[in-house]
């Protein structure tokens, strides 16, 4: 009689927290997008699952709430964090249409943190997280956020930097960032975070503009202080610069 | 002969990922700020530890690198994530002063994600993370980032919103945000995330301005769409609004 929205971390498995693992062990039914169900199946092979394809988010959340109303403990699984571009918000919204149920949110390692660890330490200072997907957000709003984040010298982490229907969005985003940030700003891309074929790459903002990435990639754009140390992307917090 | 920088999540214990737990189990020495060592001691009582007080970050990282150079596998522990305002960046910087060593970064649940889960789902859309501590960052830069994030309608998460020497910083930050954001913008505070006495509170931006918080609190300021649903802070991603 409860929905628990669980962040699996980027790759599931060893990325799961103890709390996420316990919630999955205790549930009666796991609901999620097919690819995320696959992340937990190896660890919980005996659990009942209800998986749905991409872009069926509302249906999936309704199914989870309806199953909870029949008395089940339902786990809704999300890749990365349950909140950051995840299903937690939609579960709360959808649940308004039904009798009250208990909802719990269990956080997970989001791609910003998971990808940063692969690249080094790009997020040691203030940062902005922006999705380049304009399925649900007008592109003008995305542009405004890119521009504001660049002007204020945030480190920027881009989710959903590209897809088949938006092959040029990363280039468009970089063109906006290049109005404020130097072409040699240190950037990084990470593909398949926490999964087989995990791969990080460092490059300049000018190079990033001309790089094709896919939907399994998270992109990091440094601030004016970000540098390359031992092949890693590092944004200083300022401890050494303070002259301790 | 290796330094692993480990994010413990907000409270350690059940917040630890499998990867963080395995790294702690495999290490010879745990290095960290005293309060963070206390988060892992119950789970790893037999491990050697080296703890230092606040603001000894550079000394702590040097000690970790030097111990690794004597052949030890050293775990440097951080509350939350290892990268976000954590020690990963400083370890890379300090390591430049020594012979090369292997460095690995293991991410953890940062307070933005952990606190968001307590409040509901405030981070379902683009967000900016800003520390209000001006120990290492000029206040003018912090002001500029607050202003830019508010103008572009980011959800904003504030780390280090207050301390004894900066009791009025949150008020000053809210005054900047109030130039762009409505006084009834939905906000939330979370204290002691993942620890005993965990406590979330929802309030408006106008109320937040007149609220005193402590250094164990993380603050969330909604975007223009953020609302209160069933007593929780929820930022819609737009699935329902799309009219699916």
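The values are calculated or read from the model by the stated rules, or taken from the named source; none is laboratory data. Predicted model only: the values in this text are computed from it and were never measured. All Cβ positions, glycine included, derive from the backbone under ideal geometry; neighbour counts span all protein chains shown.
State whether the residues of the stretch A:41-50 include one that is within 17 Å of the chain's Cα centre (by Cα) and closer than 23 Å to residue A:215 by Cβ.
The answer is no; no qualifying residue exists.
Which one of B:21, B:41 is touching a helix residue (DSSP H, G or I) at 6+ places or on another chain (Cβ under 8 Å), over 30 Å from residue B:154 (Cβ atoms) and outside the structural domain of residue B:215 (by TED's automatic domain parsing)?
Numbers: B:41 fails: touching a helix residue (DSSP H, G or I) at 6+ places or on another chain (Cβ under 8 Å).
Going through B:21, B:41 in turn, just one is touching a helix residue (DSSP H, G or I) at 6+ places or on another chain (Cβ under 8 Å), over 30 Å from residue B:154 (Cβ atoms) and outside the structural domain of residue B:215 (by TED's automatic domain parsing): B:21.
So, of the residues in the stretch A:231-244 that are part of a loop (DSSP other than H, G, I, E, B) and modelled with pLDDT of 95 or more, which turns out to be surrounded by the fewest Cβ atoms within 10 Å (Cβ to Cβ)? Steps first, answer last, please.
Quick first cut of the stretch A:231-244, residues part of a loop (DSSP other than H, G, I, E, B) only: A:231, A:235-244.
If we keep only those that are modelled with pLDDT of 95 or more too, we end up with A:231, A:235-236.
On the way: A:231: 9, A:235: 27, A:236: 20.
Here the answer is A:231.
Please tell me if residue A:70 is in contact with a helix residue (DSSP H, G or I) (Cβ under 6 Å, 6 or more places away or on another chain), over 17 Å from residue B:121 (Cβ atoms) and either assigned by TED's automatic domain parsing to the domain that holds residue A:152 or surrounded by fewer than 24 Cβ atoms within 10 Å (Cβ to Cβ) (or both).
Working: in contact with a helix residue (DSSP H, G or I) (Cβ under 6 Å, 6 or more places away or on another chain): no; over 17 Å from residue B:121 (Cβ atoms): yes; either assigned by TED's automatic domain parsing to the domain that holds residue A:152 or surrounded by fewer than 24 Cβ atoms within 10 Å (Cβ to Cβ) (or both): yes.
Criteria not met by residue A:70.
How many residues does the stretch B:131-151 contain that are in a helix (DSSP H, G or I) and either within 12 Å of residue A:153 (Cβ to Cβ) or within 8 Å of another protein chain (Cβ to nearest Cβ) (or both)? Outline the logic, then answer.
First, the residues of the stretch B:131-151 that are in a helix (DSSP H, G or I): B:139-151.
Keeping just the survivors that are either within 12 Å of residue A:153 (Cβ to Cβ) or within 8 Å of another protein chain (Cβ to nearest Cβ) (or both) gives B:140-142, B:144-145, B:147-149, B:151.
Total satisfying the criteria: 9.
Could you grab me the full set of residues in the stretch B:88-130 that are within 7 Å of chain A (Cβ to nearest Cβ) and assigned to a strand (DSSP E or B)?
Matches in the stretch B:88-130: B:105, B:106, B:120, B:121, B:127, B:128, B:129, B:130.
Condition first: away from every other protein chain (no Cβ under 12 Å) and crowded, with 20+ Cβ neighbours inside 10 Å. Now tell me which residues in the stretch A:4-32 satisfy that.
A:24, A:27, A:30, A:31, A:32
Do you know which residues across the stretch B:171-204 are part of a helix (DSSP H, G or I) and in contact with a strand residue (DSSP E or B) (Cβ under 7 Å, 6 or more places away or on another chain)? Give the derivation first.
Filtering the stretch B:171-204 down to residues part of a helix (DSSP H, G or I) leaves B:171-177.
Result: B:173, B:177.
Looking at B:56, B:60, B:145 in this structure, which one is surrounded by 18 or more Cβ atoms within 10 Å (Cβ to Cβ), more than 15 Å from the chain's Cα centre (by Cα) and not assigned by TED's automatic domain parsing to the domain that holds residue B:219?
Values: B:56 fails: surrounded by 18 or more Cβ atoms within 10 Å (Cβ to Cβ); B:145 fails: not assigned by TED's automatic domain parsing to the domain that holds residue B:219.
Unique residue meeting the criteria: B:60.
Could you check the stretch A:38-87 and list, in sequence order, the residues that are within 13 Å of another protein chain (Cβ to nearest Cβ) and part of a strand (DSSP E or B)?
A:52, A:76, A:78, A:80
Could you check, for the stretch A:98-112, whether at least one of its residues is touching a helix residue (DSSP H, G or I) at 6+ places or on another chain (Cβ under 9 Å), surrounded by fewer than 23 Cβ atoms within 10 Å (Cβ to Cβ) and farther than 28 Å from residue A:38 by Cα?
There is at least one residue in the stretch A:98-112 that is touching a helix residue (DSSP H, G or I) at 6+ places or on another chain (Cβ under 9 Å), surrounded by fewer than 23 Cβ atoms within 10 Å (Cβ to Cβ) and farther than 28 Å from residue A:38 by Cα.
Any residue at all in the stretch A:205-219 that's assigned to a strand (DSSP E or B), touching a strand residue (DSSP E or B) at 6+ places or on another chain (Cβ under 7 Å) and over 22 Å from residue A:79 (Cα atoms)?
Step one: of the stretch A:205-219, the residues assigned to a strand (DSSP E or B) are A:217-219.
With the extra rule that they be touching a strand residue (DSSP E or B) at 6+ places or on another chain (Cβ under 7 Å), the set shrinks to A:217-219.
Next, from what is left, pick out any that are over 22 Å from residue A:79 (Cα atoms): none.
No, the stretch A:205-219 contains no residue that is assigned to a strand (DSSP E or B), touching a strand residue (DSSP E or B) at 6+ places or on another chain (Cβ under 7 Å) and over 22 Å from residue A:79 (Cα atoms).
I need a count of the residues in the stretch B:18-37 that are part of a loop (DSSP other than H, G, I, E, B) and within 24 Å of residue A:16 (Cβ to Cβ).
At the first step, the residues of the stretch B:18-37 found to be part of a loop (DSSP other than H, G, I, E, B) are B:27-28.
Add one more test, that the residue is within 24 Å of residue A:16 (Cβ to Cβ), and what stays is B:27.
Total meeting the criteria: 1.
In the list B:242, B:237, B:171, B:179, which residue meets the criterion of being on the phi < 0 side of the Ramachandran plot and under 21 Å from the mean Cα position of the chain (by Cα)? Talk me through it step by step, then tell me what you get.
Details: B:242 fails: under 21 Å from the mean Cα position of the chain (by Cα); B:237 fails: under 21 Å from the mean Cα position of the chain (by Cα); B:179 fails: under 21 Å from the mean Cα position of the chain (by Cα).
Step by step, each of B:242, B:237, B:171, B:179 is checked, and only B:171 is on the phi < 0 side of the Ramachandran plot and under 21 Å from the mean Cα position of the chain (by Cα).
How many residues does the stretch A:220-230 hold that are assigned to a loop (DSSP other than H, G, I, E, B) and surrounded by 15 or more Cβ atoms within 10 Å (Cβ to Cβ)? Quick ask: steps written out before the conclusion?
Kept after step one, since they are assigned to a loop (DSSP other than H, G, I, E, B), are these residues of the stretch A:220-230: A:222-226, A:230.
Still in the running and surrounded by 15 or more Cβ atoms within 10 Å (Cβ to Cβ): A:222-223, A:225-226.
Summing the residues that are assigned to a loop (DSSP other than H, G, I, E, B) and surrounded by 15 or more Cβ atoms within 10 Å (Cβ to Cβ) in the stretch A:220-230 gives 4.
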